[in-house]
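Enquirer: Quick one: the structure is below, questions incoming.
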């Protein structure tokens, strides 16, 4: 597995965007298009190389190579070696090759789209924008091909930095810097647990490698088999604890409950950035991490069940909030949270392929929807309120049809890509749930969320594109150029056809082998040992049940979810596909306020920051100034006061001094005399 | 016939006490300076007397040193008194107390 | 002779600058300060030492001359560098040059004296890190205080006298406690030492320790001395609850003095802790591990909480220094290779990062004449480059990967997590919460000062910072990133010097 052939160029995948970052930052001002060209070429180069990697993996090769040793030293690990090396390495296996292609593809399209979205609008600070996009892409690509947990953490953090910079791109407003800060802070809170997890895993097993014989997954497996005690816990519990710690980072980045609040606020950034964050970089990083170290989670049923439950709950929770939003980007933001909930659910029930499949499909259709929303915003002269839109269908057909394709995929309508992956997740959840009640609850929540997804998706489509124009801007939309249309069409096609990658229900019903992705992830082409679907399957402790035969279960699962999706869409059609739609707020009653306020989650977190942390900080400050510094100043005051008294001995009159001298001399004589025995 | 050592010491004590009394009670700087001279000379008497008593010349040499020192001291002291007078229009040593703190 | 040359250049430079005309003093001092930079970098490349200076390691650039014979004890001029002190010397020289350049703008009064004092500090700081004889070390150690006292007291802000005296008296009293304790220890060691050379004392300590002194048993004496010295150095570090002099000193000090204070002077405390307490008293380190770890955690969290409550940018950075120094203590007490090595790395790293932060804050202050978070808004609009560096520095402070701060913190956490004392993982996890709070207060401060609409009302134009303010910050930023990407540049020599400590003097 040495760096042979095409793989020796693997580092360049990430380095191209890094170069673009430097070029755009330093020379962007002087370049035509302010650095966009550099970014496009760099990400296109990454895409080409990623595709080459994909082809090479398809040809049965994989790549696992340490590039650079960061540091090394002694470790007192509980098991394994007494030395540890922290390295930067590249691991290209089916999963990372796939993800590299997704990320670089979305990055290219976002760069191209930016030409139409940012450059055409006369933005200032474009070099900064393209530089940050480049850095963002670099961080994410490096994160994707990281071969160890520490490297993953480091680029995970850099991804967080870039999201901070890009969300706060319009820093002259009040809201964007606030949203950026919130995004970084909330995800940092998750990363705190992640970092403990990294440190704990490194300290326990003496290795942080994802793959190979000396990976921490292997070490953990051995420890569980041997019944080793780790840090005072039995190995299984310790794996669960560390796994959940790492999961903290995932929950933060992938915006799962309760750390999801930053994502809707992150809409303050440019829409292109939202597309990148939601589809391929920041948010995807969390779920990708779970997939990357799936073998570790597979060792711990508890951790998996928690992942599944959090995922299912988030899917439903976010979907309900998406129902009442007026801002087109807000709806999409909540849909993202909800969809990543599905992926977590899929991974949590052991549906590794299903989760990754949905990650891929979601990347395409969510990038599409966001770029579509960006196009709508251009059309609407920077208006984002859906109630001011309407009737755009005929005026912007390309935008409409591509957006519709994305919406159908999001809602999970057959045969769009989203249906296949979401259905597979729900199917996996169902068969496991038949044996495990906790998972069944998660499945139920995921299932109910399908209805809401269908509803809010089509509410958005109808409000935006159908009916009569409800504002001047909607009557006379601003035209969009090729830079907008090309990415939309590309992604629209992908949203339609990407499902072909894994038609699991078709296979189960008819026996026709249409499950490319499954065999891809199972290493039928090429894979690193231990990082395959079947290897994970062996580790999993789940039992699967069925309702009747397997075929019947498949049909029931697909039928129910499709029915719910259609009914959700249908309700939306009934309510909003009219020339003059009304808000229908009263029908929800008190629930509307709760949903509008996002279940008061934001208020809760603001309260945590302002109502709890700040008073504590202020109290600490008061304590510091009064008690601690007061003691210090008190000591000085006491000595000053004392010396103030003593100094009065010095009257300044020479005669007094002379008298004191004499008195002292006599006193000394007397003392000496007394002790010397003269008297 | 030699005078016994005790008498010298008594003379010296008397002279010293007169000087000390002057230092403690006089407010005039000149009197002050003279009192100091008296005390120095009391010490000189002691030195010479004991030198004679021990048959050792060191004490006498020291007395010479002391006299030279006293001369220097008077020079400096008079200088100070002049400055004192210039600043305070007086040679009262209890008046200038501004340097105390 | 190289170390002598380093010190001599700075000392002579200080004298020359002192008598130079004010007009050229800044440029002259900067030119002179480049000589130590080049020299120390040359030392860095030519470094051939190995092992720990106190524990029979082979020293680089060693030189020893008999100086004073004091009864049975001899005092000598004894200097040399090992893997721990060399990076700190390089830190000192680079930071001094940067500080001098960054004071060209703000210092417009008695320049020649100002720059002379800065160079004088540099000479003494190099001496502190290079000296291997206790008396020599102590002379340098104390001599650092005087110029710093003057810098704060003469060129400082409105409450400069209070701050300067507090700084001087507080740290000086602490030094006294430490000095007394150490002398008692040397006398307690009796015949086994004949000089104040630190290697000799360290060897004697590891070969049995003192017999007793002043009626104290040998082991009691060792513990008392350990605690007294820990307290003495804890003030210098500073560790909660001995930290209150630091924010006052920082707020009042002129920018370059803040840079040196946070960048190097605080490291004197942790360096001395490592050299004395953690090298000579392995037994006591084990005994008092839990309380010291608790102090470290409290410093981290409490310091960060205090920073959260501040509105003055300098106070924020000052309290966060308290927090960062808490990490260093945690790393030291971990007593593992990554812990102690990481702590040493963090000293260097924090020196550069806090220096950078104070410079960036200073540049903004030069333009706005305010440091209050509440007074500023949208500075990024007017000073994009300076603000960009401030943001980079802030993220360095937060421990962003690929910057040196992350490496220091990660290695400390990793080292502390596997430490031997009770509940080490718990202590580590608690201390790690500092990385969330630090992000909190720095991001809040950034949001209010540099972002948002530009609203500052001044009767003069707030414009971009001059080039000579920007250049030193870029240099520091470059070093921070370099150390973050390639930490082994110094980490290898650090661990080489740390290993003998952990193995109790065995090579």
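Enquirer: Being surrounded by fewer than 24 Cβ atoms within 10 Å (Cβ to Cβ) and in contact (Cβ under 8 Å) with a residue 40 or more places away in the chain is the filter; apply it to region C:407-426 and report the residue that is farthest from the other protein chains (Cβ to nearest Cβ).
Expert: Restricting attention to region C:407-426, the residues satisfying the condition of being surrounded by fewer than 24 Cβ atoms within 10 Å (Cβ to Cβ) are C:420-423, C:425-426.
Narrowing the set further to residues that are in contact (Cβ under 8 Å) with a residue 40 or more places away in the chain leaves C:420-423.
Working: C:420: 8, C:421: 12, C:422: 11, C:423: 10 Å.
Among residues in region C:407-426 that are surrounded by fewer than 24 Cβ atoms within 10 Å (Cβ to Cβ) and in contact (Cβ under 8 Å) with a residue 40 or more places away in the chain, the one farthest from the other protein chains (Cβ to nearest Cβ) is C:421.
Enquirer: In this structure, is residue A:416 in contact (Cβ under 8 Å) with a residue 60 or more places away in the chain, within 22 Å of residue A:557 (Cα to Cα) and touching a strand residue (DSSP E or B) at 6+ places or on another chain (Cβ under 7 Å)?
Expert: Values: in contact (Cβ under 8 Å) with a residue 60 or more places away in the chain: yes; within 22 Å of residue A:557 (Cα to Cα): yes; touching a strand residue (DSSP E or B) at 6+ places or on another chain (Cβ under 7 Å): no.
Here the answer is no, as residue A:416 does not meet what is asked.
Enquirer: Restricting the search to region C:233-259, which residues are away from chain A (no Cβ under 13 Å) and within 15 Å of the chain's Cα centre (by Cα)?
Expert: C:233, C:234, C:236, C:237, C:250, C:256, C:257, C:258, C:259
Enquirer: Does any residue of region B:35-47 turn out to be free of Cβ contacts under 8 Å to residues at least 24 places away in the same chain and within 14 Å of chain A (Cβ to nearest Cβ)?
Expert: Just the residues of region B:35-47 that are free of Cβ contacts under 8 Å to residues at least 24 places away in the same chain, to begin with: B:35, B:38, B:44, B:47.
Filter once more, so that each one left must be within 14 Å of chain A (Cβ to nearest Cβ): B:35, B:38.
Looking for residues that are free of Cβ contacts under 8 Å to residues at least 24 places away in the same chain and within 14 Å of chain A (Cβ to nearest Cβ), one finds at least one in region B:35-47, hence yes.
Enquirer: Limited to region C:136-166, what total is found for residues that are more than 21 Å from residue C:252 (Cβ to Cβ), over 17 Å from the mean Cα position of the chain (by Cα) and surrounded by fewer than 22 Cβ atoms within 10 Å (Cβ to Cβ)? Even if it seems obvious, please write down each step before you answer.
Expert: The initial filter retains those residues of region C:136-166 that are more than 21 Å from residue C:252 (Cβ to Cβ), namely C:136-143.
Then keep just the ones that are over 17 Å from the mean Cα position of the chain (by Cα); that gives C:136, C:139.
Imposing the further condition that a residue be surrounded by fewer than 22 Cβ atoms within 10 Å (Cβ to Cβ) reduces the set to C:139.
Residues flagged as more than 21 Å from residue C:252 (Cβ to Cβ), over 17 Å from the mean Cα position of the chain (by Cα) and surrounded by fewer than 22 Cβ atoms within 10 Å (Cβ to Cβ) within region C:136-166 amount to 1.
Enquirer: Check whether at least one residue in region A:558-581 is over 26 Å from the mean Cα position of the chain (by Cα) and on the phi > 0 side of the Ramachandran plot, and report yes or no.
Expert: no
Enquirer: Please name all residue pairs, on different chains or six or more residues apart, with Cβ atoms under 8 Å, provided the first residue is in region C:330-358 and is more than 24 Å from residue C:289 (Cα to Cα) and the second residue is in a loop (DSSP other than H, G, I, E, B).
Expert: That search, which allows pairs on different chains as well, returns C:353/C:403.
Enquirer: Sort out for me the helices (runs of 4 or more DSSP H) sitting completely within region C:267-350 that have 2 or more residues that are within 14 Å of the chain's Cα centre (by Cα). Working first, answer last.
Expert: On the way: elements: C:282-287, C:289-308, C:313-334.
Where helices (runs of 4 or more DSSP H) fall fully within region C:267-350 and carry at least 2 residues being within 14 Å of the chain's Cα centre (by Cα), they are C:313-334.
Enquirer: Which residues, taken from region C:271-304, are within 14 Å of chain A (Cβ to nearest Cβ) and either free of Cβ contacts under 8 Å to residues at least 24 places away in the same chain or closer than 30 Å to residue C:366 by Cβ (or both)?
Expert: C:303, C:304
Enquirer: Take residue A:669 and decide whether it is part of a helix (DSSP H, G or I), within 60 Å of the chain's Cα centre (by Cα) and within 14 Å of chain B (Cβ to nearest Cβ). Steps first, please.
Expert: Working: part of a helix (DSSP H, G or I): yes; within 60 Å of the chain's Cα centre (by Cα): no; within 14 Å of chain B (Cβ to nearest Cβ): yes.
No: the conditions fail for residue A:669.
Enquirer: Right, another one. Any residue that is surrounded by 17 or more Cβ atoms within 10 Å (Cβ to Cβ) and within 14 Å of chain A (Cβ to nearest Cβ) - is there at least one of those in region B:64-80?
Expert: Yes: region B:64-80 contains one or more residues that are surrounded by 17 or more Cβ atoms within 10 Å (Cβ to Cβ) and within 14 Å of chain A (Cβ to nearest Cβ).
Enquirer: Kindly state which helices (runs of 4 or more DSSP H) lie completely within region A:493-597 and contain at least 2 residues that are outside the structural domain of residue A:471 (by TED's automatic domain parsing).
Expert: Numbers: elements: A:504-510, A:516-521, A:533-539, A:550-576, A:590-596.
Output list reads A:590-596.
Enquirer: Right, next: What is the one condition in (1) surrounded by 12 or more Cβ atoms within 10 Å (Cβ to Cβ); (2) more than 14 Å from chain B (Cβ to nearest Cβ); (3) outside any helix (DSSP H, G or I) that residue A:607 does not satisfy?
Expert: (3)
Enquirer: Among helices (runs of 4 or more DSSP H) lying entirely in region A:7-126, which contain 2 or more residues that are buried (at least 19 other Cβ atoms within 10 Å of the Cβ), without any contact (Cβ under 8 Å) to a residue 24 or more places away in the chain and in the same structural domain as residue A:287 (by TED's automatic domain parsing)? Walk me through how you get there before you give the answer.
Expert: Values: elements: A:10-27, A:36-58, A:94-117.
Where helices (runs of 4 or more DSSP H) fall fully within region A:7-126, none carries at least 2 residues being buried (at least 19 other Cβ atoms within 10 Å of the Cβ), without any contact (Cβ under 8 Å) to a residue 24 or more places away in the chain and in the same structural domain as residue A:287 (by TED's automatic domain parsing).
Enquirer: State yes or no: is residue A:169 within 11 Å of chain C (Cβ to nearest Cβ), in contact (Cβ under 8 Å) with a residue 24 or more places away in the chain and assigned to a loop (DSSP other than H, G, I, E, B)?
Expert: Values: within 11 Å of chain C (Cβ to nearest Cβ): yes; in contact (Cβ under 8 Å) with a residue 24 or more places away in the chain: yes; assigned to a loop (DSSP other than H, G, I, E, B): yes.
Here the answer is yes, as residue A:169 does meet what is asked.
Enquirer: Next question. Taking the options A:202, A:180, name whichever one is touching a strand residue (DSSP E or B) at 6+ places or on another chain (Cβ under 7 Å), within 11 Å of chain C (Cβ to nearest Cβ), surrounded by 19 or more Cβ atoms within 10 Å (Cβ to Cβ) and at pLDDT 85 or above. Break it down into steps so the answer makes sense when it comes.
Expert: Details: A:180 fails: touching a strand residue (DSSP E or B) at 6+ places or on another chain (Cβ under 7 Å).
Every option except A:202 fails the conditions.
Enquirer: Tell me the residue from A:541, A:557, A:617 that is farther than 30 Å from residue A:466 by Cβ, exposed (fewer than 15 other Cβ atoms within 10 Å of the Cβ) and in contact with a helix residue (DSSP H, G or I) (Cβ under 7 Å, 6 or more places away or on another chain), please. Steps first, answer last, please.
Expert: On the way: A:557 fails: exposed (fewer than 15 other Cβ atoms within 10 Å of the Cβ); A:617 fails: exposed (fewer than 15 other Cβ atoms within 10 Å of the Cβ).
After ruling out the rest, the residue left standing is A:541.
Enquirer: Another one. So if I check each of A:243, A:190, which one is under 23 Å from residue A:82 (Cα atoms), under 25 Å from the mean Cα position of the chain (by Cα), more than 9 Å from chain C (Cβ to nearest Cβ) and part of a helix (DSSP H, G or I)? Even if it seems obvious, please write down each step before you answer.
Expert: Numbers: A:190 fails: under 23 Å from residue A:82 (Cα atoms).
Only one candidate passes the filter, namely A:243.
Enquirer: If you don't mind, there's one more thing I want to ask. Scan A:91, A:150 and give me the residue that is more than 14 Å from every other protein chain (Cβ to nearest Cβ), in contact with a strand residue (DSSP E or B) (Cβ under 6 Å, 6 or more places away or on another chain) and closer than 30 Å to residue C:338 by Cα. Reasoning before the result, please.
Expert: On the way: A:150 fails: more than 14 Å from every other protein chain (Cβ to nearest Cβ).
None of the others qualify; the one that does is A:91.
Enquirer: I've got another one for you. From the list A:276, A:304, A:299, which one is over 17 Å from the mean Cα position of the chain (by Cα), touching a residue at least 40 places away in the same chain (Cβ under 8 Å) and surrounded by 24 or more Cβ atoms within 10 Å (Cβ to Cβ)?
Expert: Exactly one residue qualifies, and that residue is A:304.
Enquirer: From the list C:13, C:57, C:71, C:49, which residue is touching a residue at least 24 places away in the same chain (Cβ under 8 Å) and out of contact with any helix residue (DSSP H, G or I) (no Cβ under 7 Å at 6 or more places or on another chain)? Walk me through it before giving the result.
Expert: Details: C:13 fails: out of contact with any helix residue (DSSP H, G or I) (no Cβ under 7 Å at 6 or more places or on another chain); C:57 fails: out of contact with any helix residue (DSSP H, G or I) (no Cβ under 7 Å at 6 or more places or on another chain); C:71 fails: touching a residue at least 24 places away in the same chain (Cβ under 8 Å).
After applying the criteria, what remains is C:49.
The values are calculated or read from the model by the stated rules, or taken from the named source; none is laboratory data. The structure displayed is predicted, hence computed values, not measured ones. For neighbour counting, all protein chains shown are included, and Cβ atoms are generated from backbone atoms with ideal geometry for every residue, glycine included.
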